[in-house]
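The values are calculated or read from the model by the stated rules, or taken from the named source; none is laboratory data. Keep in mind it's a predicted model, so treat the numbers as computed, not measured. Note: ideal-geometry Cβ built from the backbone for every residue, glycine included; neighbour counts use all protein chains shown. Heads up: the accessible areas ignore ligands, DNA and RNA and are worked out on the full protein's heavy atoms, side chains in. Shrake-Rupley method; radii C 1.70, N 1.55, O 1.52, S 1.80 Å.
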Amino acid sequence: DGRLTFYPGNQTVDLPFINFMKRYGTVFLNAYTNSPICCPSRAAMWSGLFTHLTESWNNFKGLDPDYVTWMDLMEKHGYNTQKYGKLDYTSGHHSVSNRVEAWTRDVDFLLRQEGRPMVKLTGDRKHVRVMEADWQNTDKAVNWIKEEATNLSQPFVLYLGLNLPHPYPSPYAGENFGSSTFLTSPYWLEKVTYEAIKIPKWSSLSEMHPVDYYSSYTKNCTGEFTNQEVRNIRAFYYAMCAETDAMLGEIISALRDTGLLEKTIVIFTADHGELAMEHRQFYKMSMYEGSSHVPLLVMGPGVKEQQQIPNMVSLVDIYPTMLDIARIPAPRNLSGYSLIPLLHGKAESEVSPNRPRPSWVLSEFHGCNVNSSTYMLRTGRWKYIAYSDGHSVLPQLFDLTADPDELTNVAIKLPAIARSLDKILHSIVNYPKVSSLVQEYNKRQFISWKQSLGQNYSNVIANLRWHQDWLKEPKKYENAIDKWL
């Protein structure tokens, strides 16, 4: 969650290496994901293109495996490149459940798709390496810096993808489970200040926006939760962020120990945030701040120190920024803009007059746990969220200055503002058309998957992640699918 990298969110947990990057570099106060879910978000970051242009509709559909990323271009121009850890930007990954839930979101049924969010403590006060796989990838990156990077005659670019702070799988929910367990050790939990944790306000279920209600239901969050449960989920999430920060620290320390820190640009960001029970949801897939607002910190040569940048930026900006660092001409069709002028502390008037940075960012979502294509435009104090064709589902408008917790939808109260923002959104993306393309894609994919299973279809679909709900009335849900088809 990007808000943890600046005041006031950062009172809850100690993040020493994020703070180190703020002290010696720049923090972006308004950085957003272009799609709040792993694969589509990463596809935007590696391609520099908006989601509707790459058609990365869900966690199963990303970029083609041979897509030319910014790292490929840097390698072509003489950079030594190395990747470790989670990449997840190409098509074909993630579970069958994940795909089918995304394809069937237009079906007229409500089914729980996630385990109920919960916490779990592991190990003792000395247990540091909870997310072992991430630590192993961090070790590999550290060793590469110490053994390879120090001896290179050409410049290098190193990518390290971590899984944390991501909830862990929840085996109690059955074999085809989602990830709804917030897991940490006492070592990390001690870094969290419980008193500073804010319990989010919730609207009543009957007052929720229909898409929010669907998301809360499918994420298994419509039941009762005590304040203690909510506080724990948030605390364990912050503890997982502290463990992530420590891995960032390993990289910074390795660069410092090898004398490379002064001449290396370090960028820290995330593919999406975590709602951690805000708006009666956990996980991502939402345009609310907890899910869509990402961290973005940069330090290194030429980067202004202790700078806080309020401009709207997003992950598509990484592509042109990396090419700018390497002095490689950027392709013309990119959705993003280089961050280098902002990082160098240049005034808005000095920033590329031929292609000025827009005052807005775009995020969109077309995957599971949400029963409509969603489009978010963030500009100035406003966040405008449009759904589907713009008419069949009412939009949302939040004034983030007056209402930072996004509890009051003012779209009906301020129709002129909603209309003008909708006009800007239309000028960026013909969103009713994109929504209908996604609907057609979902149906097409589902039909071919169903045909590939033949007689076995009912059996397979009944045992996906929604099995606990599905098996109560399988015929009802099969009929709903038939009606949709």
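Out of region 123-139, which residues are surrounded by 12 or more Cβ atoms within 10 Å (Cβ to Cβ) and either small (Gly, Ala, Ser) or farther than 18 Å from Tyr159 by Cα (or both)?
Passing the criteria: Gly123, His127, Val128, Arg129, Val130, Met131, Ala133.
Does Lys83 satisfy the condition of being without any contact (Cβ under 8 Å) to a residue 40 or more places away in the chain and either open to solvent by less than 20 Å² (accessible area, probe 1.4 Å) or among the basic types (Lys, Arg) (or both)?
no
Test Ala44 against the stated conditions and say whether it is crowded, with 19+ Cβ neighbours inside 10 Å, at pLDDT 95 or above and either under 18 Å from the mean Cα position of the chain (by Cα) or part of a loop (DSSP other than H, G, I, E, B) (or both).
In short, yes.
Just one of (1) open to solvent by less than 30 Å² (accessible area, probe 1.4 Å); (2) over 20 Å from the mean Cα position of the chain (by Cα) trips up Cys241, so point out which.
For Cys241, the exception is condition (2).
Within region 470-485, work out how many residues are of a type in the set (Phe, Trp, Tyr) and either touching a strand residue (DSSP E or B) at 6+ places or on another chain (Cβ under 6 Å) or closer than 14 Å to Lys450 by Cβ (or both).
Of the residues in region 470-485, 2 are of a type in the set (Phe, Trp, Tyr) and either touching a strand residue (DSSP E or B) at 6+ places or on another chain (Cβ under 6 Å) or closer than 14 Å to Lys450 by Cβ (or both).
Of (1) under 20 Å from the mean Cα position of the chain (by Cα); (2) farther than 27 Å from Arg231 by Cα, Val68 satisfies all except one. Which?
(1)
Just name the residue that is farthest from Gln396 (Cα to Cα) out of those in region 438-459 that are over 23 Å from the mean Cα position of the chain (by Cα) and aliphatic (A, V, I, L, M).
Filtering region 438-459 for residues that are over 23 Å from the mean Cα position of the chain (by Cα) and aliphatic (A, V, I, L, M), the one farthest from Gln396 (Cα to Cα) comes out as Leu453.
What pairs come out if I take residues in region 314-328 that are at positive phi and pair them with residues that are in a loop (DSSP other than H, G, I, E, B) and not polar (S, T, N, Q) whose C-beta lies under 9 Å away, six or more apart or interchain?
Arg327/His77
Report, by residue number, each residue of region 370-386 that is within 26 Å of Tyr441 (Cα to Cα) and either open to solvent by 20 Å² or more (accessible area, probe 1.4 Å) or more than 19 Å from the chain's Cα centre (by Cα) (or both).
The one that is within 26 Å of Tyr441 (Cα to Cα) and either open to solvent by 20 Å² or more (accessible area, probe 1.4 Å) or more than 19 Å from the chain's Cα centre (by Cα) (or both): Asn371.
Given the conditions (1) under 23 Å from Ile252 (Cα atoms); (2) in a loop (DSSP other than H, G, I, E, B); (3) open to solvent by less than 10 Å² (accessible area, probe 1.4 Å); (4) of a type in the set (Ser, Thr, Tyr), and given that Ser56 satisfies all but one, which numbered condition is not satisfied?
Only one criterion in (1) under 23 Å from Ile252 (Cα atoms); (2) in a loop (DSSP other than H, G, I, E, B); (3) open to solvent by less than 10 Å² (accessible area, probe 1.4 Å); (4) of a type in the set (Ser, Thr, Tyr) is unmet by Ser56, namely (1).
Restricting to region 204-231, count the residues that are over 13 Å from Gln281 (Cβ atoms) and out of contact with any Phe, Trp or Tyr (no Cβ under 8 Å at 6 or more places or on another chain).
The total comes to 9.
Determine which member of the set Ala270, Ala276 is out of contact with any strand residue (DSSP E or B) (no Cβ under 6 Å at 6 or more places or on another chain) and closer than 17 Å to Lys22 by Cβ.
Result: Ala270 is the single residue among Ala270, Ala276 that is out of contact with any strand residue (DSSP E or B) (no Cβ under 6 Å at 6 or more places or on another chain) and closer than 17 Å to Lys22 by Cβ.
Determine which member of the set Ala402, Ala411, Ala386 is at pLDDT 95 or above, out of contact with any Ser or Thr (no Cβ under 7 Å at 6 or more places or on another chain) and under 26 Å from Arg42 (Cβ atoms).
Ala386
Looking at region 197-219, which of the residues that are over 16 Å from His366 (Cα atoms) and among the aliphatic types (A, V, I, L, M) is least open to solvent (accessible area, probe 1.4 Å)?
Applying the filter and picking the extreme gives Ile197.
Give the residue, chosen from Lys120, Lys126, that is in a loop (DSSP other than H, G, I, E, B) and modelled with pLDDT of 95 or more.
Lys126
Select, from Arg280, Arg234, the only residue that is buried (at least 21 other Cβ atoms within 10 Å of the Cβ) and over 18 Å from Arg3 (Cβ atoms).
Arg280
Would you please list the contacts, defined by Cβ atoms under 8 Å and residues six or more apart or on different chains, that run from a residue in region 295-313 that is closer than 17 Å to Pro358 by Cβ to a residue that is in a strand (DSSP E or B) and among the charged types (D, E, K, R)?
Within 8 Å, the pairs are Met312/Arg378.
Read through the list (1) open to solvent by less than 50 Å² (accessible area, probe 1.4 Å); (2) outside any helix (DSSP H, G or I), then give the number of the only condition that Trp144 fails.
(2)
Of the numbered conditions (1) at pLDDT 95 or above; (2) under 29 Å from Thr138 (Cα atoms), Val230 satisfies every one except a single condition; which is it?
(2)
What single numbered condition from (1) touching a strand residue (DSSP E or B) at 6+ places or on another chain (Cβ under 8 Å); (2) among the small types (Gly, Ala, Ser); (3) more than 30 Å from Phe156 (Cβ to Cβ) fails to hold for Ala31?
Failed condition: (3).
Out of region 80-107, which residues are over 21 Å from Cys221 (Cβ atoms), assigned to a loop (DSSP other than H, G, I, E, B) and not basic (Lys, Arg)?
Leu87, Asp88, Tyr89, Ser91, Gly92, His93, His94, Asp106
Pick from Val393, Val316, Val361: which is within 24 Å of the chain's Cα centre (by Cα), open to solvent by 20 Å² or more (accessible area, probe 1.4 Å) and of a type in the set (A, V, I, L, M)?
Exactly one residue qualifies, and that residue is Val393.
If Asn151 passes every condition in (1) out of contact with any Lys or Arg (no Cβ under 9 Å at 6 or more places or on another chain); (2) open to solvent by 50 Å² or more (accessible area, probe 1.4 Å); (3) within 30 Å of His467 (Cβ to Cβ) but one, which one does it miss?
Checking Asn151 against (1) out of contact with any Lys or Arg (no Cβ under 9 Å at 6 or more places or on another chain); (2) open to solvent by 50 Å² or more (accessible area, probe 1.4 Å); (3) within 30 Å of His467 (Cβ to Cβ), the one that fails is (3).
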